[in-house]
Every structure is written in C-alpha cells, then in structure tokens.
C-alpha cells in the first residue's frame, strides 16, 4: 500500500508552478519544453505538471517582469524561445522560497506535532 | 497582422515545437511514432484551453468579451436599420441639446476669468442701506479709491477704471471713428495680473495729472486700424484731436471689462486702455474699481473690513459717504449675474429632454427584446450566465448610446458653429463657447450614462428569471407578460410626465417673455432713430463751444428731408446711460424723496419720443439755451409729491442734500411715464430739465418716415458738413435698443422653447410607438372579442381606457412637478417671472391632446381588425 502511495503523482498547489518555473530558470535560460522536463525530472516524476499549463504561467511571469524571453536556437538547431530570470524575478524567487519554507514548516508542525516533540 | 494575431501565431509555433520535441523524446525512449505523438499530446493537456488561458494573460477576459459584445451589437444594429436610426436619433438629440448647454455653462460659469488668480479678484460697489432698490451697476467715487488703499487690511492692488469713448482721427484710408475703451489708473493691469503682448504696462507716474496721454491698444484695434504694425508701439497717434503715445498692444484673447450690458456702443469690446483719468478727477466722480483679496482673506472678512472703513469715511467725508456703504463681490460673480441661473435651468430642461429620449429607446429595446427572447433563452440554455447576458445587452445598449453620443457631439459642434453669431453680448463669454475635447468627453460620458439608463431595465427583463416564457410563448407574440407591460407603462408615464413638465415650463417662460417684450416702454419706439454724437472735450474744451456745436447739429438735422422732429438728450433710455437722482418738494432733510431719472433734453426730445403731455406745456426752444428753472415731471412724481393738487407751478428740489441744498426747479408740465433702463423695471420718476441742454447733449433722436438706413446716412452727412472729424455712431432704432436689452432672455427663451418642442415631439412619437406596439400585439385578442360580439366601439373604449389611464397618470405627475418647479424656482431671469396661470392649462391641454392622439390612432386601428384575419394572426 505504501509503495502504491508513492507512485501516485501529486497535483500542484495553486501558484506553486510559478515558483517551480522561477527555480528552474535560476539554473540558466531554457525553452518551454526543457522547463517542463526539468521540473518533472527534479521532482522525480512525483509532481504532475500538465505540460501545457506551463505556457499561461510563463506569460503571466513575463507580464509581471519576473522573467524575460529571447529568441534563440535550441540544441537541435531550431529557433526557440528562451526564458530567462530577470533581476526582479531573482528577488521574487528568494522571497517566495522563504515564504514556502515557512509555510511547509508551519504545516508540518501542525500535522506532526508528536514527531516534533519527540525530537525535542 | 495585428500584434495580437502575431503573438497567437508565436504561441502556436511554440506549442507545436514543444509537442514535436516531446514526441522525439518519446521515440528516443523507444516508443513507436504514433504512440509517441499521442503520449506527447496527453502530457501536454488541452491545447485550446492552454491557448485561451495564455491569451487571457495578455488581454483581460472582460475586455475581450466586451469587444466581442460590441462587434455583435454592431452586427445586430446593421440588421435592423430602422430601429438603429430611430434610437441613435433620439439619443443624439438628447445628448446634443445637453452638450450645447454644457458648452455654454463651461464658457460662462466654469472657465476661470482670463486674469491672474481670478478667484482673488473682487469688484467694489456702493450701496445705500436706507434705499429699497440698489443700483444694478457697481460704482465707487474717486475719493473712495484714494482713501481705501491706506485704510484697508484685506485688499491689495486696487485698480480703478471707467468707460471712455475716444475719437480716432481719420486718414486717407479710414474715416474718423469713435472707439469704446477704458480710462484707468496704472495699477489696474498689475491688479489683474496682465501685461501687453507688445510694449509695456502704464508706468505709475503716467496716470498722474499733467503727464502726456499714453494708451495701450486692443489686439483687434491694432490689427484693424494699424495693420498689425509693430512699430506703432512708441508712436504718437491722434485721439480726440490730441497726440497720444501708444505704449503697448494687448494679446488677442484679452478683454477687460467683460461685457455685461446690452448697451449699444461703437464696438462690442473694449478697444483701448488709456491713462490718465484726465485732469485730476473730480473726487465725487463715479468709477469702477477692482481689487485683489490678500492671501487667506475671505470675502466676508473683506466685507467687514469695508463696512468699518465706510463708517470711518462717513465720519471724515459726511457729504460724500453719509448713508452710503462700500461692499464687494467676486469679480467672476458680478460678470455672470442672473445668466448663471438661467443656464442651469436650461441644463435641467436639457437633461429632462434627454431622459425622454432614454425612455423612448428603452421602450424600443423592450419591444425588440421580446423578439430576441428566444435568442437569449438559447444562450441561457447552453450555459451562459444571466449576468453575462445582462452584460452583453448593456454593452449593446452602450454601443448604441456611444454612436448617439458621437452624433450628438457632431450636432453640438454644428450648433456652436452657428450660435456665437446669435448669442447676446450681455451674457459675458457666451460667444466663446465651443464644442472642444472636453465637450466630446462630456458627450461620451453622457452616452454611457444613457446606455446604462435605457439599457438596464430591458436587459434585466430579457435575462430575467421567468425566461421560460420565451419558450412557452414560442410563436405567440401575445404572450407578453404582465410585468413587461408594467415596465412599459412606467416608461410611458415618465415620458408623458417629463414632456408635460418641459412644455409647461418652456411655455411659461415663453409667455412671460412675450409679455415682457410687449410691455409698453412709455414712449413710441417705432420710427425713432437714435445716434450718438459726442463732441470730444479736447476739440471743444469749453461747455459754451460744445453747446454751440450741438445747436448747429440740431439745426442742420432739422433741415434734413424726411425728418419730422429732432431732439437731444444726455442719457437715452435703453442706451445703458442713465442719470439717477431724486426729487423732493422741500429742502428740509428727511422729506419724502421720489427716486427719479433726471435727463436734460433739447429740441423736441419728448415729442420725438412720443411721450404724452398730460398737463401744462412742453419746453420752449429758447429754454434750452437760456438759463431757466423749468422742469417737466411724470405723473408718478406729480402724484407722490402733490397728491390731489396740480403740479404745475410747484417747486421741486432736484437731488438736494444738506450740502447741496438749493437746486430748485419749477414744474411747467406733467407727462406720461417712460422706462429708462429696462422693460421690467417698476415705474419710476422721470424728471426732464432743459437748461444748458445743448452743452450736455450726447444723443440725437430723430422721428422719421424714411428708412432708417437712409436717415442714418443723411444725419452723418449733415454732421460731417459741420465738423468732418466728428464721428457719429450707434445709429439704431429705439425698437432695436429695446430688443437688445432683452437679448439674454430672448436667447434663453428660444433655447428653452426649442427643447420643449423637441420634447413634445419625441414624447408623442414614443408614446405612439409603445401603444401601437402593445395594441397590435393584442390583435388576436381583439379578434376573439369581436367574434363573441364586441362592437368596434367597445374595442375603442377598451384600448383608450387602458392606455389613457397610463397617459393621464403621466400628465398629472408632470403637471404637479411643473407647478412645484414654477413655485420654487421663482424668476428665471429678471422679468421672466410667473406667467399667466391660464397658460399653464393651455400647455397642459396641448400635451394632453397630443398624448390623446397618440393613444387614439392605434386604438382606431384596433377596431378595424377583421376578426377572421385576427384569429389567424399568428
């Protein structure tokens, strides 16, 4: 049962996709497909991202000025759009990461109070 | 290709590349191509949804939907051109009328005066707290203006001025010309915060006595007489036969003072500003004064300050300041006077008219909504939200309204192309009203308001909760629900009530205007020509010289063929000139005084004007040149001073005060009363004197059978033979002068009457439209009624009864509101007071008859229904 549990893919929480994109782009500019692949790979395929939902999110981030887009050439020599983190986006990422950490810690404390106490 | 399309194409390509790459990856992992492709598509998700979601990031959804709705609305409009034309016309008329009035309000009331920090500018004024009626014009005496600056703690930079007429010498290209302008102290322009476009302001020493004359030209005069020659600044020009140094030219948009009276003058606007106020002015001479409130000082503070200064002045100068207090008003307010109220009333009327247009269109939309109900039901059935449908319908009505707004703006622009030529000069700045961008924005804002106003009820109705009727009533137009009829009845009531209000108020104003212009001025205005001949003091310095000159003119004009009689006067009625004072029968202080207009007349002035002699005799020819104490008074003076006794031979003291006690005259005649300043003024005393008439004459009046144009030329020739440098101006019939004096009220009345007529027409068509629509939708009902034995008379009675109840409700409400309005608004403009109450009933009757017709015609048609046809109607 537990093994089965681990195989279930988890749907993304609202808004976390933006965070994941920003985090992915910190490694360097990437095109849409590469971003999707990176997220899937890095989450060990646990996180279920419908690849298409990446695009509205990317455009939303452009509009907010957190990422920029540039025309470039992909590894197999095709024209592609490369997304890149802006300075503003970098700041936002730090901010969001801190927030995320706080949130997860808080939730963890509520969900597993015994574990916390046991450790303490 | 638009930016949006290009972005979409880019997105398409990106998605395509993405899928391609995913497919390649899958193939690389060993999937067969078809399966790889399918897996890629699965992993990607719904492509259309992705595109739509991405698009909504670029363009907000609501905006996108509005654009869609507008497009759809425009298509619908194209499909029913008759509906579109009628609606757009109704809306554009309403918006047009309102925007025309708004442009006027903006020019007259909203636009700040064209001077520096105009909100601080005040105009000084004298009032006599003991007298009932205060002067219309604002004046102070020269001595006040000398004392004030040293005593005030609330005012700064006082500017003093008075009207002046200068003769500009003629040359080879232009005849001699009289110019209207201003004599002022050097402090006036600094007080207003203005300076010339060319040259400089007057220097403080230039308004001192003995300094050579200097003047600043208006832009218009500079262009007209000096051909925009810049070198005129610094040159000496001959005015009044004397050299006068031109030191500056004002910018084209400058004028001061603004025109507030209809008086005929050589030109409607000031053409020069000159110093000095001549020889050291008489301390008692009347001038006008503007000043600036010190920063932070309120009008009330300044009034209190002036009141205490008035008390001090009354103590220091009893002869000049006893019983008289100084006060002040904002310059802007003194320039607008009653025109402000009239314009606001016009605005109210225009808005009422616009509301009639709104209810007409709302009714049309309701009627059309029935035919569109099936469309809406389909939309609701396939999942459109009710709010979404209301929004769509509102967008459609706003699109319609915006179209109307644009057409309305075009109407406004056209109206204001034409109107400036017709506006009265005595509503200051009205002629400068234009349909500019702010008026365009105003029209669009009105349009949106209109669109929501007339669109909301139909939209809620159509998208309303009982939308099932749309299906159950399929194929049956008679299924119009009761609630539908209620909304429609309400709109009819509103339309009828609004038009009733407008017609009664408009008619009221029209009737009182007609009554005003048909008021007997007390003299025979027809066939009397008035001209101004003002001998310049520079060329005729002594009173004797002026007297001799005028006597020669009088004698010469008497000989002009066609002249029946000629007279002269120092202040002509309706010319803007007056010489007010009082008379009493004794010089003991505090005896009864009768306020009177005191005029010095020469020649056969009274006979020429057609004033009737009641008792005694006219002046004799020799009395106007020889010293004498003859006076002619009107019957009001005679009745008040010597009730029950004959006035002839009685002594009167003219404008006597404790300091000037002995101005005795003897009454030789009693005449009928004549108005002097305005048709609506209460009867006042008239006193006519004759001594030194030739020396004081300024106006020449001529009674003639010949055309006034010919007579004007003949008079000018006669004067030119005596002095070729003497300008003659004004030259207008007395009838015209009277007409000019009510020009502001005529303008307002005409606009109001036009609005009322349009309102009546629109309401009539609106009511007719609704009733004929509802009646025709009941055709099959009437068919059944007639089939079971109802006579055409029964049907007629039925339809009339049902519809006229609605209309009568509207009539009653409208009449009640109109009466309330008339009761509480009081006089619209001086002299346009409450009219004949009988007229209110006539106006009410007119609206009722027209509304009755609008009910009767469709009812008549209903009776002609052939039952057989009617039953097969649908």
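Each reported figure results from applying straightforward, stated rules to the coordinates on display, with no laboratory input. Since we're looking at a predicted model, the values are computed, not measured. Glycine gets a Cβ as well: all are built from the backbone with ideal geometry, and neighbour counts include every protein chain shown.
General observations
- Taken along the Cα-to-beta-carbon direction at a fixed 7 Å, the label points for residue B:564 and residue A:94 span 10.2 nm.
- Proxy reagent accessibility, fewest Cβ within 10 Å first, across B:351, A:107, B:632: A:107, B:351, B:632
- Sorted by Cβ density within 10 Å, fewest first, the residues B:2, B:185: B:2, B:185
- Between 0 and 90°, nearest 10: helix B:437-462 axis offset from chain B longest Cα axis: 40
- Taking 0.36 nm per residue of separation and subtracting the Cα-Cα distance, full extension of the segment from residue B:612 to residue B:323 would add 100.4 nm.
- FRET E, pair residue B:869, residue B:452, Förster distance 51 Å, beta-carbon r, rounded to 0.05: 0.80
- Take each residue in B:53-64, count the other chain C-beta atoms within 10 Å of its C-beta, and the mean is 3.
- Value of [θ]222 nm, deg cm²/dmol, for chain B, DSSP H segments ≥ 4, -39500 (n - 2.57) each, nearest 500: -17000 deg cm²/dmol
- Sites residue B:75 and residue A:71 - FRET efficiency at Förster radius 45 Å, r taken between beta-carbons, to 0.05: 0.70
- Highest average packing first - B:599-609, B:413-423, B:250-260, Cβ atoms within 10 Å: B:599-609, B:250-260, B:413-423
- Peptide-level mean, for B:12-23, of C-beta atoms on other protein chains within 10 Å: 5
- Between 0 and 90 degrees, the angle of helix B:33-44 with respect to the longest Cα principal axis of chain B falls at about 40 degrees.
- Rounded tilt (10° steps) of B:543-558 against the dominant C-alpha axis of chain B: 70
- Each peptide in B:621-630, B:208-217 gets a packing score, the mean of other Cβ atoms within 10 Å over its residues, and the list from highest to lowest is B:208-217, B:621-630.
- Judged by the gyration tensor of its Cα atoms, with axes a ≥ b ≥ c, region B:87-243 is oblate; a/c meets the 1.5 cut and b/c is at least as large as a/b.
- Inter-label distance for residue B:333 and residue B:384, nm, one decimal - labels placed 7 Å from Cα along Cα-to-Cβ: 5.5
- Chain lengthening between residue B:514 and residue B:537 when straightened (0.36 nm per residue, less Cα-Cα): 4.0 nm
- Sorted peptide list for B:283-294, B:572-583, criterion being average Cβ within 10 angstrom, highest first: B:572-583, B:283-294
- Each of B:399, B:657, B:360 was scored by other Cβ atoms within 10 Å of its Cβ. Listed from fewest to most, they are B:657, B:399, B:360.
- Inter-chain shielding of A:31-38 (mean C-beta neighbours from other protein chains, 10 Å cut-off): 4
- Taking a point 7 Å from the Cα of residue B:8 along the Cα-to-Cβ direction, the residues of region B:25-56 with backbone N closer than 15 Å to it are B:48-56.
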